[in-house]
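S.K.: Quick one: the structure is below, questions incoming.
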Amino acid sequence: MTKLLEISDLTLSFKELFATTDVLHGISLSIAAGERVALVGESGSGKSVTARIILGLLQETKTAHITGDVVFEGKDISGMVRRDRARLRGTEMSMIFQDPTSSLNPTFTIGRQFIEILRRRDGNRAKADCLLRATEMLDEVSIPNPERVLASYAFQLSGGMNQRVMIAMALANQPKLLLADEPGTALDVSVQAQTLDLMRNMVTDHRTAVLFISHNLGVVREFADRVFVIYRGNIVEDGPTAAIFADPRHAYTRALMSAVPRITGAGLPEVPEVSEAFLAPQISHGDVA
Amino acid sequence: MQSPVLRLLMRRLGISLIVLIGVSMLIFSIARVIPGDPARIALGPNATTEQVANLRAEMHLDDSLVVQYGHFVADVARGDLGMSLYTNRPVTLDIAQFLPATLELVLFAGVIMVACGLPLGILAARHKGRWQDNLVRLFTLLTVSAPSFVWAVILMLLFAFYLPLFPIAGRISDIYEIERVTGFLTIDTLLSGNLLAFGNALSHLVLPACALALSGIGQAARLTRANMVETYDRPYIEMAQAYGFFPSRIARMYAFKPSLIPSLTIIGLDFAAMLGNAFLVEAVFAWPGLSRYGVAVILRKDLNAIMGTVLVIALTFLIVNIIVDLLIAFLNPRIRHSTRASL
Ligand SMILES: Nc1ncnc2c1ncn2[C@@H]1O[C@H](COP(=O)(O)OP(=O)(O)OP(=O)(O)O)[C@@H](O)[C@H]1O
Ligand SMILES: [Mg+2]
C-alpha cells in the first residue's frame with residue numbers, strides 16, 4: 001500500500017541561547033490514504049510538535065532544529081521552500097484545533113472565513129459560489145439554518161456549533177490529510193463525543209486520512225484504525241487498534257490503559273507511576289492486515 | 001441590529017453633555033477667582049470708576065457666581081458667547097477665525113500619526129525580536145522621549161534652517177490671496193483651483209504637523225506592536241497559519257484588526273492631547289491658530305473669550321472621543337451584535 005504520509009527518523013530539538021532541548025528522538029510513523037491513525041501520549045510527549053512539523057509550521061521557527069524525512073504524497077516537506085509548504089496547508093492538509101470558539105477569528109463572520117479558506121484552493125472563486133459550498137458543508141455537519149450561521153460570528157454560537165463549523169471548514173477543500181489535535185477537549189464531554197462521531201462519519205464519507213492526537217485511549221479506540229503511543233519523544237508501541245487494546249505489550253501503554261482520565265480539565269490521564277520500563281524499545285504490532 | 005450602536009451613541013452623547021457642563025462650571029469658577037477686575041483691565045487705567053461700574057453691571061459681575069453662570073448658560077444656549085474684551089468682537093467670530101488653523105494642523109498631525117504609527121507597529125510585531133523590531137523600538141523610544149515643542153524646534157532647525165526644504169513659519173506665503181470658505185487652507189486653495197497655493201499651504205503644514213505627530217507615532221506604534229504580539233499568541237492566528245495564508249495577509253487581516261480595537265481608545269486620547277500640544281507648536285511656528293488667541297485672552301482675563309476657547313476645545317475633545325467609540329463599535333462585532341444569534 002502506498003503511504004500518504006511517511007515520517008522516518010524524525011528528530012526535533014529546540015536550540016535556545018543557553019540550552020538545547022531534545023523533544024523528538026527519531027520517531028517514525030506512516031499514514032495510508034484514507035486511514036485513521038491516532039497518536040497518543042501524555043502532556044509534553046511531543047504530539048503537537050509532530051503535527052506542526054507535518055504542517056510545515058515548525059520548520060519556519062528559527063530555534064527548531066529538525067532532522068529526518070517527512071514525505072507527503074511522495075514529496076519531502078522538510079526539503080521544500082517555504083512557499084511550497086504553505087501551498088499544501090489548507091488545501092491538501094488541514095487542521096482542527098482543541099478550542100473551536102477561540103480558534104475562529106472573532107472579527108470575521110463564519111461566512112467570511114469560509115470564503116477565505118475556499119479561496120486557498122481557487123483564488124478566484126466567486127463569493128456566491130463559496131457561500132454555496134459553505135452551506136453545503138454546514139448541511140453535511142447537520143447544522144440547521146446554515147445561512148444564519150454563515151452570517152454569525154463565532155462568539156454568537158455555542159461551542160458544539162463552532163466545532164461543527166471547524167470540521168466543515170477543515171473538510172471544505174477536500175484535503176487528503178486531516179490533523180486533529182485533541183479536537184474539542186475544551187468542550188463538555190457529551191458534546192465532544194457527539195462531534196467526534198460526526199467527524200468520523202465525515203472523514204469516512206470523504207475518504208480523508210486523519211492523524212488524531214489525543215490523551216485519551218478510550219476515545220481513540222472508537223476512532224482510529226491504527227495507534228501510535230508516544231512517550232517523551234519516542235514511539236513506544238504501534239499497531240492496529242484492536243491488536244493494541246487486546247494485547248498491550250509496552251509498559252507505558254499498559255500504564256496509559258490503566259490510568260483513569262480525569263473528569264475535570266482536559267481529561268488528562270494520570271499515569272500511576274513513572275518506571276524505567278517506559279524507556280524500553282518500540283514494540284510494533286505490524287500493519288493492518 | 002442597529003439598536004446597540006444607537007444606544008451606545010445616545011449614552012456617549014449624554015455623558016459628553018455632562019462632561020461639558022462640568023468643564024464649563026469649573027472653568028467659569030476658576031476664571032472668576034483669578035485676581036484682577038476684568039472690567040478695569042478692559043477699560044484701561046484712564047476709565048472712571050463709573051465707567052467700570054457700568055461695564056461690571058453689564059457683565060453681571062456683581063451678581064452671585066450662580067446667577068452669573070445662569071446668564072452664561074442662557075447665552076450659550078442661544079449660540080451667543082458674548083463679546084471679547086480683547087478684540088472687541090463677538091467671541092464666536094474670533095473662534096471661527098482662529099479654530100480652523102488649529103484644527104487643520106491637528107487633523108493633519110492625526111493622519112500622520114495613524115498612517116505612520118500603525119504600520120510601524122505591525123512591522124515590529126511581525127518581525128518580533130529581529131532587526132526591524134529593534135529599529136522601530138529605537139525610533140519610537142526616541143520620539144516619545146521629547147515633547148512636541150522640542151521636536152518643533154529641532155525639525156525647524158534641521159529642515160527649514162540648515163536644509164531649507166520647508167518654510168520656517170506661518171500657514172501660507174503672502175503672495176497668495178485665497179478666498180476664505182472653510183478656513184482650512186488646504187481645502188480653500190483647492191476650492192479656488194489654485195494648485196500652487198495648495199502646494200504652498202501643504203509645505204507650510206508639514207513641519208508643524210510632523211512635530212506634533214512624532215510622539216503620537218511612537219505611542220501608536222508601541223501600542224500596536226504590544227497588542228499585536230499578544231494577538232499572535234491567540235489560537236485563531238495558529239489556525240490561520242495552519243490554513244497556509246501568507247504571513248503578510250495574516251498580519252493585515254487576522255492579527256491587525258483584533259489588535260486595533262484596544263489601541264484605538266488610546267490613539268483617540270493621543271489625538272485629543274495633540275490639541276493641547278498644538279499650543280506650543282503653534283507658538284514655535286508662528287501658526288495663526290487658537291493658541292495665540294487663547295494665551296492672549298487668559299492674560300487679559302477676558303472672561304467670555306476664555307470660556308469660549310475652553311468650551312470649543314472640550315467639545316472637539318468629546319467629538320473625537322465619540323468618533324473613536326463609534327469606530328470601535330464598527331470594528332468590534334461584539335459591540336455591534338451584543339446579542340447571540342437566535343438559531
Ligand atoms: N516553540 C517551542 N520552543 C521550545 N520548546 C517547545 C516549543 N514548542 C514545544 N516545545 C516543547 O516541546 C515539548 C513537546 O510539546 P508538545 O506541544 O508537542 O506536547 P504535547 O504532546 O502536544 O502535549 P499536550 O498534550 O500538553 O498538548 C514540550 O516539552 C514543550 O515544552
Ligand atoms: Mg498538544
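S.K.: Here are some conditions: (1) crowded, with 20+ Cβ neighbours inside 10 Å; (2) more than 21 Å from A:Gln98 (Cβ to Cβ). A:Asp139 meets all but one. Which one does it not meet?
M.R.: Against the list (1) crowded, with 20+ Cβ neighbours inside 10 Å; (2) more than 21 Å from A:Gln98 (Cβ to Cβ), A:Asp139 comes up short only on (1).
For (1) within 17 Å of A:Asp122 (Cα to Cα); (2) in a helix (DSSP H, G or I); (3) open to solvent by 10 Å² or more (accessible area, probe 1.4 Å), each residue gets a yes or a no:
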residue	(1), (2), (3)
A:Ala134	yes, yes, no
A:Pro144	no, no, yes
A:Phe155	no, yes, yes
A:Met161	no, yes, yes
A:Ile167	no, yes, no
A:Ala170	yes, yes, no
A:Leu179	no, no, no
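S.K.: Separate question: Residues that are over 30 Å from the mean Cα position of the chain (by Cα): which helices (runs of 4 or more DSSP H) entirely in segment B:1-63 hold 2 or more of them?
M.R.: Output list reads B:38-43, B:49-58.
S.K.: Now, a different point. Of the residues that sit in segment A:10-28 and are over 22 Å from B:Gly129 (Cβ atoms) and crowded, with 21+ Cβ neighbours inside 10 Å, which one is nearest to ligand 2 (Cβ to nearest atom)?
M.R.: Taking segment A:10-28 as the starting set, the residues that turn out to be over 22 Å from B:Gly129 (Cβ atoms) are A:10-11, A:22, A:24-28.
Remaining after also requiring crowded, with 21+ Cβ neighbours inside 10 Å: A:10, A:24, A:27.
On the way: A:Leu10: 16, A:Leu24: 13, A:Ile27: 15 Å.
Checked segment A:10-28; the qualifying residue nearest to ligand 2 (Cβ to nearest atom) is A:Leu24.
S.K.: Just checking, which of A:Leu58, A:Leu39, A:Leu88 is within 16 Å of ligand 1 (Cβ to nearest atom), touching a residue at least 12 places away in the same chain (Cβ under 8 Å) and over 13 Å from the mean Cα position of the chain (by Cα)? Even if it seems obvious, please write down each step before you answer.
M.R.: Details: A:Leu39 fails: over 13 Å from the mean Cα position of the chain (by Cα); A:Leu88 fails: within 16 Å of ligand 1 (Cβ to nearest atom).
Matching residue, one of A:Leu58, A:Leu39, A:Leu88: A:Leu58.
The rows are residues; the columns are (1) aromatic (Phe, Trp, Tyr); (2) touching a Lys or Arg at 6+ places or on another chain (Cβ under 8 Å).
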position: A:Ser103; (1), (2): no, no
position: A:Leu131; (1), (2): no, no
position: A:Tyr153; (1), (2): yes, yes
position: A:Arg164; (1), (2): no, no
position: A:Lys176; (1), (2): no, no
position: A:Val191; (1), (2): no, no
position: A:Thr195; (1), (2): no, yes
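S.K.: Looking only at segment A:243-275, filter to residues that are at pLDDT below 75 and outside any loop (DSSP other than H, G, I, E, B); which one of those is surrounded by the fewest Cβ atoms within 10 Å (Cβ to Cβ)?
M.R.: Within segment A:243-275, the match that is surrounded by the fewest Cβ atoms within 10 Å (Cβ to Cβ) is A:Pro261.
S.K.: Test of understanding: among A:Thr204, A:Thr185, which residue is of a type in the set (S, T, N, Q), closer than 25 Å to A:Ser43 by Cα and within 22 Å of the chain's Cα centre (by Cα)?
M.R.: Working: A:Thr204 fails: closer than 25 Å to A:Ser43 by Cα.
Within the list A:Thr204, A:Thr185, the selection yields A:Thr185.
S.K.: Could I ask something else about it? Among the helices (runs of 4 or more DSSP H) confined wholly to segment A:9-124, which include 1 or more residues that are within 14 Å of chain B (Cβ to nearest Cβ) and more than 19 Å from B:Phe245 (Cβ to Cβ)? Even if it seems obvious, please write down each step before you answer.
M.R.: Details: elements: A:47-54, A:82-88, A:100-103, A:110-121.
Answer list for segment A:9-124: A:47-54, A:100-103.
Residue by residue, here is whether (1) over 32 Å from the mean Cα position of the chain (by Cα); (2) within 11 Å of chain A (Cβ to nearest Cβ); (3) over 23 Å from A:Glu116 (Cβ atoms); (4) surrounded by fewer than 19 Cβ atoms within 10 Å (Cβ to Cβ) holds:
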{"site": "B:Ser215", "(1), (2), (3), (4)": "no, no, yes, no"}
{"site": "B:Arg222", "(1), (2), (3), (4)": "no, no, yes, no"}
{"site": "B:Arg225", "(1), (2), (3), (4)": "no, no, yes, no"}
{"site": "B:Arg234", "(1), (2), (3), (4)": "yes, yes, no, yes"}
{"site": "B:Ala240", "(1), (2), (3), (4)": "yes, yes, no, no"}
{"site": "B:Pro247", "(1), (2), (3), (4)": "yes, yes, no, yes"}
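S.K.: Just to be sure I understand, how many residues within segment B:22-40 are open to solvent by 80 Å² or more (accessible area, probe 1.4 Å) and not basic (Lys, Arg)?
M.R.: So the first thing to find is which residues in segment B:22-40 are open to solvent by 80 Å² or more (accessible area, probe 1.4 Å), and the list is B:25-26, B:30, B:33, B:35, B:40.
Of the ones still in play, those that are also not basic (Lys, Arg) are B:25-26, B:30, B:33, B:35.
Number satisfying all stated conditions: 5.
The values are calculated or read from the model by the stated rules, or taken from the named source; none is laboratory data. Small disclaimer: the values here were computed from a predicted structure and weren't measured. All Cβ positions, even for glycine, are placed from backbone atoms using ideal geometry, and neighbour counts span all protein chains on display. Just so you know, the surface numbers come from the protein's heavy atoms only, side chains and all, with ligands and any DNA or RNA stripped out. Shrake-Rupley method; radii C 1.70, N 1.55, O 1.52, S 1.80 Å.
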